[in-house]
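Quick note: the coordinates plus some simple rules give every number you see, no bench work behind them. A quick note: this is a predicted structure, and the numbers were derived from the prediction, not measured. Quick reminder, even Gly has a Cβ in these numbers, built from the backbone with ideal geometry, and neighbours come from all protein chains shown.
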Protein chains: 2
Amino acid sequence: MATTTITELVIKDIRFPTSLEKDGSDAMHKNPDYSCPYVILNTDSNLQGHGITFTLGKGNEIVCFAIRLMEKMVVGRKLSDIFGNFGNYWRELTSEDQARWIGPEKGVVHLAVAAIINALWDLWAKMEGKPLWKLLVDMEPEILVSTIDFRYITDALTKEDAIEMLRKMDLGKEQREAEIKATGYPAYITSCGWLGYSDEKITELATAAMSQGYTRFKMKVGADLQDDIRRAKIFRKVIGYDKVWCVDANQKWDVQESIDWMVHLAEYKPLWIEEPTSPDDVLGHAAIAEALKPHGIAVATGEMCQNRVMFKQFFQAKGMDYCQLDSCRLGGVNEILAVILMAAKFGVPVCPHAGGVGLCELVQHLSIFDYIRVSGALENRMTEFADHLHEHFYQPAIVKNGCYQIPSEPGYLVGMKKESMEAYEYPNGKTWQRLFDDGTFSRD
Amino acid sequence: MATTTITELVIKDIRFPTSLEKDGSDAMHKNPDYSCPYVILNTDSNLQGHGITFTLGKGNEIVCFAIRLMEKMVVGRKLSDIFGNFGNYWRELTSEDQARWIGPEKGVVHLAVAAIINALWDLWAKMEGKPLWKLLVDMEPEILVSTIDFRYITDALTKEDAIEMLRKMDLGKEQREAEIKATGYPAYITSCGWLGYSDEKITELATAAMSQGYTRFKMKVGADLQDDIRRAKIFRKVIGYDKVWCVDANQKWDVQESIDWMVHLAEYKPLWIEEPTSPDDVLGHAAIAEALKPHGIAVATGEMCQNRVMFKQFFQAKGMDYCQLDSCRLGGVNEILAVILMAAKFGVPVCPHAGGVGLCELVQHLSIFDYIRVSGALENRMTEFADHLHEHFYQPAIVKNGCYQIPSEPGYLVGMKKESMEAYEYPNGKTWQRLFDDGTFSRD
């Protein structure tokens, strides 16, 4: 490690035409094409780091372009210099003197950071010969917190707090590791309930998921109240009332509208309403959470929560009963660790956002780490799963009996198959060429 | 207007090497090169719209790239379709089904929207033969609010509230217009107090500004407390204690650090501390504001406040005693109108951020409109002025006796001189070529 140097940053614009089947459709995003800016870090050793961030198609090239402009801060660096003070390096990437103006720490530039940082953690885990979750679980608290930039969060969590929390959880961590390896980590399934799916397709998919052992489900809502009520009935008819059922509005409503709409769905007993309104509206979410509490409905959000400063406020204001951090919107693992630790301090369960492409492969590591090393709890915890696009990865996330199986191979594990990259690279990959040629898609 | 159509969107990457003189230097941005993605909208009539957004140099090309990807939503559109329901069009630009994932409504994509929207308002004002402020002042309330997207803010301000507020201010608007034309709009000057300037340069510039009639000043702080104290003494010695003096930390501190640091500067009687901490930290600013109130120091922020949803919360939480909205970070005039109206409703004075390049030219219109049509007040109001780069505009903002003079020519008035564009287009403009050739700057 001491001398290993990053020699090349390769970027690929990978897109999948998921809009054709309405996979991923919701009240705000009717036709997503799940996509990822894909980063490969080559080194002068045999190590190679793979990382992604995630988008819905258009704009994927903007994020790729932003990653390219960060190349100078990556190529030529020694891994030992980066990992030796990863928190400092993270700040260097996120707070470049001139470039921070166009963020800071949010949107395009932060997604770009996520792809690079995720690739670096893949490198680190491979170097240590461990899956990412195990790298994190085995880390000394002082090393682990050295990767975090505590700027702007010390009023909620200091480095000393974090070390103390991790130290306390030393007790029983081997047992929790053995246990989670045996049982797997609880998953819930989203891919039965996309908004663009017909009633028949929902019935069919939910029935199939039940037979596969799923006990936790999510359905998209927010386009039309009568539709939502009809679909809620269908869902509950298939899964019964002893299973967990959540709904997700993907930011469709204003504050009062969220409350009014959800009161109508209360009789179907959703565990949570996810993203009722703007992802930026901490106080709005807090108002909704307070109003819906008497109706037994919690508020979940986080997949578009831009950075640790926003999560801090969601925790402080009680605007988030469930924390759905995203592995590719936050600035990679370093910032995610800060959020997981803050969530534990405020007693908020972390139920990461996944689905898309590659997100399930990533977040499983975060949840396993959270259980073994931070929260020590499974109650009210579950990680999203959507059954799309896993076939493109060498080591796909595996869910059995409604639980993520614990990965054992070294890395952060988003290595994409060579043939998939060739087919889905945009716009010149073979599949895209075919879709343009036959008129299914038009070129931008 | 009925048939005028946008035929072309021209984008220029314009940058000025301001880092050479440390103009604009602060605690977080030591070497900014003031830059703008510059948009020209050509039409099939003789009308041409000019708009900008603003950056500190690196990343200017990312914003230009994002603007280019929005071209399809702009070129080919009829102005009557856009202005006939400008609020809807604004939502179309900011909430494109796939692209909103990489924002939404923040960072790179929102800066790109700002440049386009600003150019559209320039077109509209020119079409009506009025400066932007006058176009807004003369607009019927119903038309004015039709440009605003009220999504996510109806818990603070509805369309009906906004119309009522504007109606109420009908009374006396002619008088206020006449009055402000005679006196000008109060300005404060920032360009005497950049962090990278020597004590001698500060003394010299502040003395000169006093002799030009300025009575309101701002100084950068946050790098070193002893330096700040020394510079505060210099400033107060030159300007005395009867003048307004503000300080600006540009997000340097955490919450408690902000409070502790400012207590040490309290004896120099700053009116406000600007951007003490993360621009995303609504609750942090509220905590700082509460703690500094007994010390007579207010909290100002807003230049990096990403959208109306964040401003709404700053107002709700009392995290912003002065609202420093930015003409190029918010999504152009449409969203700014929402913020100005919310500020009035919550009783928060609007003191727009300016400086940079072109920002003074833009914000003067917003302040004049605010006075005549919304707040009706000058108390505690002043608009930033920094004396850099005005020579590049055909109709530069003019400050006399510490007041912005009221512009009278049609448009939003950021038309940049042809020769300036040729010299400063990056990287091929003549000035940049010279700076690369003589080794002053290296090419990226």
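A single member of B:293, B:243 is more than 8 Å from chain A (Cβ to nearest Cβ), over 28 Å from residue A:100 (Cα atoms) and touching a strand residue (DSSP E or B) at 6+ places or on another chain (Cβ under 8 Å), and it is B:243. Pairing each residue of the stretch A:220-237 that is more than 18 Å from residue A:271 (Cβ to Cβ) with any residue that is surrounded by 13 or more Cβ atoms within 10 Å (Cβ to Cβ) and basic (Lys, Arg), provided the two are 6+ apart or on different chains, yields C-beta distances under 9 Å for A:223/A:30; A:223/A:252.
Taken over the stretch B:383-423, residues that are under 16 Å from the mean Cα position of the chain (by Cα), of a type in the set (A, V, I, L, M) and part of a helix (DSSP H, G or I) amount to 0.
Residues in the stretch A:258-277 that are within 13 Å of chain B (Cβ to nearest Cβ) and either touching a residue at least 40 places away in the same chain (Cβ under 8 Å) or not β-branched (Val, Ile, Thr) (or both): A:258, A:260, A:275, A:276.
Please indicate, with yes or no, whether at least one residue in the stretch A:102-112 is in contact with a strand residue (DSSP E or B) (Cβ under 8 Å, 6 or more places away or on another chain) and closer than 16 Å to residue A:327 by Cβ. For the stretch A:102-112, residues in contact with a strand residue (DSSP E or B) (Cβ under 8 Å, 6 or more places away or on another chain) and closer than 16 Å to residue A:327 by Cβ: present.
The rows are residues; the columns are (1) part of a loop (DSSP other than H, G, I, E, B); (2) surrounded by fewer than 24 Cβ atoms within 10 Å (Cβ to Cβ); (3) at positive phi.
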site	(1), (2), (3)
A:10	no, yes, no
A:23	yes, yes, no
A:33	yes, yes, no
A:37	no, no, no
A:40	no, yes, no
A:58	yes, yes, no
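Yes or no, residue by residue, for (1) more than 29 Å from residue B:434 (Cβ to Cβ); (2) more than 20 Å from the chain's Cα centre (by Cα):
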{"position": "B:13", "(1), (2)": "no, no"}
{"position": "B:35", "(1), (2)": "no, no"}
{"position": "B:41", "(1), (2)": "yes, yes"}
{"position": "B:47", "(1), (2)": "yes, yes"}
{"position": "B:51", "(1), (2)": "no, no"}
{"position": "B:65", "(1), (2)": "no, yes"}
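A Cβ distance below 7 Å, combined with a sequence gap of six or more or placement on separate chains, defines the contacts here; from the stretch B:152-178, residues that are within 14 Å of chain A (Cβ to nearest Cβ) reach residues that are buried (at least 17 other Cβ atoms within 10 Å of the Cβ) and of a type in the set (D, E, K, R) in the pairs B:152/A:254; B:152/A:281; B:153/B:308; B:153/B:312; B:154/A:254; B:155/A:254; B:156/B:312. How many residues are among the aliphatic types (A, V, I, L, M) and either within 14 Å of chain A (Cβ to nearest Cβ) or over 14 Å from residue B:333 (Cα atoms) (or both) when one looks only at the stretch B:120-147? Of the residues in that region, 1 qualify. Considering only the stretch A:379-427, state which residues are touching a Phe, Trp or Tyr at 6+ places or on another chain (Cβ under 9 Å) and aromatic (Phe, Trp, Tyr). If the condition is that a residue be touching a Phe, Trp or Tyr at 6+ places or on another chain (Cβ under 9 Å) and aromatic (Phe, Trp, Tyr), then A:385, A:404, A:412, A:424, A:426 are the ones that fit.
Considering A:83, A:65, the condition of being of a type in the set (Phe, Trp, Tyr), in contact (Cβ under 8 Å) with a residue 12 or more places away in the chain and in a helix (DSSP H, G or I) is satisfied by A:83 alone. Sort out which residues of the stretch B:245-254 are surrounded by fewer than 24 Cβ atoms within 10 Å (Cβ to Cβ) and either assigned to a helix (DSSP H, G or I) or on the phi > 0 side of the Ramachandran plot (or both), and write them in order of number. The one that is surrounded by fewer than 24 Cβ atoms within 10 Å (Cβ to Cβ) and either assigned to a helix (DSSP H, G or I) or on the phi > 0 side of the Ramachandran plot (or both): B:250.
Regarding residue B:280, is this residue surrounded by fewer than 24 Cβ atoms within 10 Å (Cβ to Cβ), under 25 Å from the mean Cα position of the chain (by Cα), facing chain A (nearest Cβ under 10 Å) and within 24 Å of residue B:25 (Cβ to Cβ)? Judged against the criteria, residue B:280 is not a match. Scan the stretch A:121-134 for residues that are in contact with a strand residue (DSSP E or B) (Cβ under 6 Å, 6 or more places away or on another chain) and closer than 21 Å to residue A:94 by Cβ and the total you get is 2. In the set (1) surrounded by 22 or more Cβ atoms within 10 Å (Cβ to Cβ); (2) part of a loop (DSSP other than H, G, I, E, B), residue A:377 fails one condition alone, (1). When A:265, A:271 are checked against the criterion of being surrounded by fewer than 24 Cβ atoms within 10 Å (Cβ to Cβ), of a type outside the set (Gly, Ala, Ser) and under 21 Å from the mean Cα position of the chain (by Cα), a single residue qualifies: A:271. Checked against (1) under 17 Å from residue A:431 (Cβ atoms); (2) within 14 Å of chain B (Cβ to nearest Cβ), residue A:29 passes all but condition (1). Taken over the stretch B:246-257, the criterion of being more than 10 Å from chain A (Cβ to nearest Cβ) and in contact with a helix residue (DSSP H, G or I) (Cβ under 9 Å, 6 or more places away or on another chain) is satisfied by B:247, B:249.
Identify, from the list A:53, A:4, A:18, the residue that is away from every other protein chain (no Cβ under 14 Å) and in contact (Cβ under 8 Å) with a residue 60 or more places away in the chain. Before the answer, list the steps.
On the way: A:53 fails: away from every other protein chain (no Cβ under 14 Å); A:18 fails: away from every other protein chain (no Cβ under 14 Å).
Every option except A:4 fails the conditions.
Only a single item in (1) of a type outside the set (D, E, K, R); (2) within 11 Å of another protein chain (Cβ to nearest Cβ); (3) surrounded by 18 or more Cβ atoms within 10 Å (Cβ to Cβ) is not met by residue B:95, and it is number (3). Would you say residue B:428 is touching a residue at least 24 places away in the same chain (Cβ under 8 Å) and more than 20 Å from the chain's Cα centre (by Cα)? No, not satisfied. Regarding residue B:67, is this residue on the phi < 0 side of the Ramachandran plot, within 14 Å of chain A (Cβ to nearest Cβ) and buried (at least 24 other Cβ atoms within 10 Å of the Cβ)? Judged against the criteria, residue B:67 is a match. Within the stretch B:296-308, restricting attention to residues that are among the hydrophobic types (A, V, I, L, M, F, W, C) and surrounded by fewer than 24 Cβ atoms within 10 Å (Cβ to Cβ), the residue that is nearest to the other protein chains (Cβ to nearest Cβ) is B:304.
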